[in-house]
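Every read-out reported here was derived from the displayed coordinates using simple, explicitly stated rules and does not represent laboratory data. Predicted, not measured: the structure shown is a model, and the values here were computed from it. Every residue, glycine as well, gets a Cβ built from its backbone with ideal geometry; the counts of neighbours run over all protein chains shown.
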Amino acid sequence: MFHASHPQLAPGLTEASYELTKTERCRGQPSKSIEVISSSENKQITAWGDARNKADHGKFGEISYAEVLTRVIGVRAFIDKHLP
């Protein structure tokens, strides 16, 4: 079966179930007007990821003990703030 809006439905998937699946996927995406974390927190999370990647790839000379400690404290504070 071929449809312009969706090239091919999976076997056993009807038009109605396709629309429900599409709706379900959209519900999982946060609204642009709802801010769960601030842009500064997002930047901080990115920095934590960069530090994590350096450690994961064995670039230990590119990150100091103080930076690691700061990140651990920051991650714990973030968790405490957002996960009661």
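Using 7 Å Cα-to-Cβ label points, what is the SER38/LEU69 separation (nm, one decimal)?
2.5 nm
Could you compute the FRET efficiency for HIS82 and ASP50, with r as their C-beta to C-beta distance and R0 at 25 Å, rounded to 0.05?
The computed FRET efficiency comes out at 0.80.
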